[in-house]
Amino acid sequence: MEFQQLEMFAALVEEGSVSRAADRVFRTAPAVSIALRKLEVEMGVTLFDRSAHTPQHLTPAGKLLYTHAISILEMRKAATLSIKDLINGRGETLRFGTHESVSLYVLPLLLRHFYEAHTNVTTEMVCGSSERILTTLRGGTIDLAVIADVPDDLGLERHLIVCDELVVITNPKHRLASAKSVGIRDLANEFLLVQGTRSKLRSRIEQALKENNTPYRLGAENIAIEGIKRMVANDLGIGFVPLMCVREEAARRELATIRVDDIPSQWDLWIVRSKDRQLSVAAHDFIQMCLSLRQSPDPLVSSDRSESRRAAAKVTQREGFRFAPGKAIHCS
């Protein structure tokens with residue numbers, strides 16, 4: 001039994017004549033008649049009651065086959081459409097791993113651009129440290145990672161998409177608030193708020209403090225960016241955060257931002273994939289979109305870090321992003 005035979009069979013039942021059925025399936029009338037006779041031989045049963053002189057008058061076996069033929073042809077149509085959607089990057093689920101700060105201040109802009117051309121792609125997101133996200137990426141649970149602090153790894157392919165910098169934030173009334181930059185020893189005995197007990201950012205800060213023999217108090221473990229900002233605004237400590245996360249509060253003078261001279265301040269954001277796993281169409285298109293944005297007149301990344309800061313600021317200055325219907329986006 002072939003799909004073409006079933007198409008001819010269904011066409012004859014629905015059109016009521018061999019000639020009209022032949023026109024519908026783009027075959028000659030003799031070809032349709034021959035195909036249907038072969039189908040009856042293969043099935044070992046008569047499908048049409050020819051004594052009725054109407055080809056659409058089905059025998060009980062013909063009625064049963066017609067029911068199954070419709071289901072089979074509909075399933076083939078659905079399968080064909082699904083494959084076409086997959087090829088065109090539609091109907092897929094694209095899974096990201098990223099940091100909480102990136103999910104708030106970078107991905108909304110990227111996803112808005114992406115959804116303009118991929119309206120049927122569903123997006124899922126998990127948030128965590130770079131270490132956790134890379135483990136998830138290598139395991140195949142997610143398709144792409146959008147993270148900072150990517151190690152040199154032959155199994156990973158990475159592309160730089162954002163350059164920003166780390167700053168200390170303080171309450172506007174804090175003793176350091178008026179300074180544009182400070183040395184690390186100026187942070188002695190401050191209560192420091194940093195994300196993640198196992199993050200590379202935290203390790204970078206602790207190492208710099210120890211190398212400069214600077215006493216410190218490091219607390220509020222695993223606190224989110226928004227939690228750090230609220231605690232600092234209430235003068236419960238000072239925090240280390242990417243600059244893009246606090247531009248709005250700094251502009252409203254709710255927080256002060258200060259550069260620390262003795263701590264490496266670069267905060268580079270990468271899109272990362274595993275070389276061991278084949279990219280889906282949606283994942284490939286997302287990477288290409290990010291790379292094209294780098295070359296656009298309004299880039300997310302620049303070789304000039306001062307220009308990068310201005311570009312990063314635009315992420316939070318744009319019109320509020322609204323997730324399109326059907327997009328399942330969550331952090332866990």
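What follows is calculated from the coordinates using simple rules that are stated; it is not laboratory data. Given the structure is predicted, the values throughout are model-derived calculations rather than measurements. Positions of Cβ are generated from backbone atoms using ideal geometry, with glycine treated the same way; all protein chains shown enter the neighbour counts.
Each 10 Å bin from zero up to the one holding the largest Cα-Cα distance in region 1-60 carries the following percent of pairs: 25, 61, 14.
Loop-resident GluC sites (Glu not before Pro) (DSSP state other than H, G, I, E or B) in region 186-270 with no more than 16 further Cβ atoms inside 10 Å of their Cβ: GLU221, GLU254. Are there chymotrypsin sites (Phe, Trp or Tyr not before Pro) in region 1-67 that DSSP marks as loop and that have at most 10 other Cβ atoms within 10 Å, and which are they? Passing sites in region 1-67 are PHE26. Take the Cα radius of gyration of region 69-213 and divide it by 2.2 N^0.38 Å, N being the number of residues; the result is 1.52. When Lys and Arg each count +1 and Asp and Glu each count -1, what net charge do the other residues less than 12 Å away from LEU144, Cβ to Cβ, add up to? Taking every other residue near LEU144 into account, the sum is 0. Projecting the Cα atoms of ILE72, LEU36, GLY16 onto the charge dipole of region 3-87 (Cβ charges, centred on the Cα centre) puts LEU36 farthest toward the positive pole.
Beyond a 32 Å Cα-Cα separation, which of these cross-linked pairs lie in this structure: LYS84/LYS200; LYS180/LYS275; LYS210/LYS275; LYS180/LYS210? Exceeds cut-off: LYS84/LYS200; LYS180/LYS275; LYS210/LYS275.
Straight Cα distances below 15 angstrom link LYS38 to the aspartates and glutamates GLU2, GLU7, with same-chain residues fewer than 8 positions distant left out. Projecting the Cα positions of ASN171, ILE147, LEU111 onto the charge dipole of region 107-228 (unit charges on Cβ atoms of Lys, Arg, Asp and Glu, taken about the Cα centre) puts ASN171 furthest along the positive direction. A Förster radius of 25 Å combined with the Cβ-Cβ distance from HIS57 to SER19 puts the calculated FRET efficiency at roughly 0.90. About the centre of its Cα atoms, region 3-87 shows a dipole size close to 120 debye [charges on the beta carbon of Lys, Arg (+1) and Asp, Glu (-1) only; nearest 20 debye].
Across the alpha-carbon atoms of region 163-266, the computed radius of gyration and Dmax are 12.2, 35 angstrom. With charges set only on the Cβ (+1 for Lys and Arg, -1 for Asp and Glu), what does the dipole of region 163-266 come to about its Cα centre, in debye to the nearest 20? Dipole of region 163-266, to the nearest 20 debye: 80 debye. Within a straight-line Cα-Cα reach of under 19 Å, LYS173 can be paired with the following aspartates and glutamates, leaving aside sequence neighbours fewer than 8 residues apart in one chain: ASP186, GLU190, ASP235, GLU248, GLU249, GLU254.
When CYS290, CYS127, CYS245 are arranged by Cβ crowding within 10 Å, least crowded first, meaning fewest neighbours, the order is CYS127, CYS290, CYS245.
Close amide H pairs (under 5 Å, H built 1.01 Å from N) link VAL162 with LEU269, residues at least 5 positions away or on another chain.
Ordering ALA283, PHE240, PRO264 by Cα displacement along the dipole of region 227-294 toward the positive end leaves ALA283 in first place; charges were set at the Cβ atoms of Lys, Arg (+1) and Asp, Glu (-1).
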